[in-house]
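A short write-up of the structure that comes next.
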Amino acid sequence: MSIAFSRRAAILGAAAFPMIRIVKAQSRPKFIAISSANRNNGGVNACAKAVEVMKAGGDTLDAVIAGVNIVELDPRDNSVGYGGLPNEDGIVELDASCVHGPSRRMGAVGAIRNIKTPSKVAQRVLLDTDHMFLVGEGALRFAKAEGFEEENLLTEESRIAWLAWKRSLRDKNGHTNWGPGLDAPPSQQKHGLLEDLRRDFPHVREAILAQAVDYAYNPPHGTINCIGMNEKGEMSTVTTTSGMAWKIPGRCGDSPIIGGGLWLDQDVGGAGSTGRGEENLRVAGAHTVVENMRHGMSPKEAALDALKRVARNFDNDEKRLALVELSFYVLRKDGEYCAASLWKSDAPGFAVCTDGHARAEQAVYLLERKG
Ligand code: ASP
């Protein structure tokens, strides 16, 4: 057999059986969890918790849910769970979904109100029903039947941010219903939003008011996705979010959509997302990433390919894409992992915990902002 022939055969073989690259696992950590970074070290804490639960013999879905519960219950993360920024009516609506790899079961809730840990409700849908996705009033009734307590999810900080946003809304004459009346002294009309807030909330710290103004003009969003794998190679994933700030009531992004905000196939690996949900749904992002890996791509290639499809939907026009943030978190069955973002960022891109070592790492990216 000539060398040329055997090399060709090897190339053809790899193309014909792309799973070979996946099956040929190198030594991987026994326990691994990866997630979005999130503020206040939320991602690192979530991954550390997930690995701790798995090491103690816990199921992989219980583990990743215990991890993201930390972020859901933290009022300082205003993109997830308690303290999440509300919809345009000032009501917090949460979305969550999960996949249990070994049983291949899935559950999700969308636009659920008054429950701090929607990820746990999604898990109850997976475990206790033959349905997969409950929304709104029905999801809340289900959660209450399952023993979850209704609670107010709005914090003082998120309420002020919502009021600041309402005050920022103006009609075409520059008037807002949420500012001083038309008969108020003109000087007051000239005041900026920050001055209005200082006057109306004298007891609130300046940093909170300044952040509320920023959020009014640049509605923030955020989410946590976490994927875990134990020493047997069993995998699970969960995504949970309060979605886009100031959304129309009932809006669900990608997070509760299985195949969009997360996807996992026990034979291949898992993926999840954070960022502009609508753009992710247009490429069925998480599913696309996992299918790319099934066909032989590495986690990095798979995620960047999905991001290229997002860019293609904008005809690769970077000016329009500038408004889009989107990231994927990917864990392949052989332990290889990555996060990939549409835009380069200096902030830590994602969190990972291998065995006992939790840390933040940089994401790879598709595009770099110029200037
Ligand atoms: N993906 C979430 C959504 O669109 C928000 C985010 O991750 O920033 O609802």
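Throughout, read-outs are computed from the coordinates displayed, never taken from laboratory work. Note that the structure is a prediction, hence the values are computed from the model and not measured. Here the Cβ positions follow ideal geometry from the backbone for every residue, glycine too, while neighbour counts run over all protein chains shown.
Stretched out straight at 0.36 nm per residue, the stretch from Glu206 to Lys55 would grow longer than its current Cα-Cα span by 50.0 nm. To the nearest 0.05, what FRET efficiency results for Leu127 and Glu149 with a Förster distance of 22 Å applied to their C-beta separation? The computed FRET efficiency comes out at 0.70. Points 7 angstrom from Cα along the Cβ direction at Glu278 and Arg39: gap in nanometres? Roughly 2.4 nm, to one decimal. For the cross-link pairs Lys247/Lys300; Lys49/Lys344; Lys55/Lys333, the ones whose C-alpha atoms lie over 24 Å apart are Lys247/Lys300; Lys49/Lys344. Counting 0.36 nm for each residue step from Leu73 to Leu169 and taking away their Cα separation leaves a gain of 31.5 nm. Considering only C-alpha atoms, what is the centroid distance from region 285-345 to region 76-150, in Å? Taking the Cα centre of each part, region 285-345 and region 76-150 sit 26 Å apart.
So how tilted is helix 118-128 from the main axis of the chain? Cα-based, degrees 0 to 90, rounded to 10. For 118-128 against the chain, the angle is about 50 degrees. Remark on Ser36: its backbone amide H falls under 5 Å from those of Asn225, Ala351, a criterion applied only to residues 5 or more positions apart or on other chains, H modelled at 1.01 Å from N. Computed from the C-alpha gyration tensor, the three semi-axes of the ellipsoid equivalent to region 287-371 are 24, 17, 7 Å, from longest to shortest. Here the extension length gained between Asn313 and Leu194 equals 39.1 nm, from 0.36 nm per residue of separation less the Cα-Cα distance. P(r) for region 201-307, please, calculated from all Cα pair distances in 5 Å bins and given in %. Values per bin, smallest distances first: 2, 12, 18, 18, 15, 10, 8, 6, 5, 3, 1, 0. All alpha carbon pair distances within the chain were sorted into 10 Å bins beginning at 0; the resulting P(r) in whole percents reads 6, 24, 30, 22, 11, 5, 2, 1, 0, 0. Dividing the summed -39500 (n - 2.57) terms of all DSSP H runs of n ≥ 4 by the residue count of the chain sets its mean residue ellipticity at 222 nm at -11000 deg cm²/dmol. Highest mean first, the peptides 363-370, 82-89 sorted by other C-beta atoms within 10 Å per residue fall in the order 82-89, 363-370. By the Cβ-Cβ criterion of under 4.7 Å, the unpaired cysteines of the chain are Cys98, Cys226, Cys252, Cys338. Its relative contact order, with pairs defined as Cα atoms under 8 Å and 6+ residues apart, puts the chain at 22 percent.
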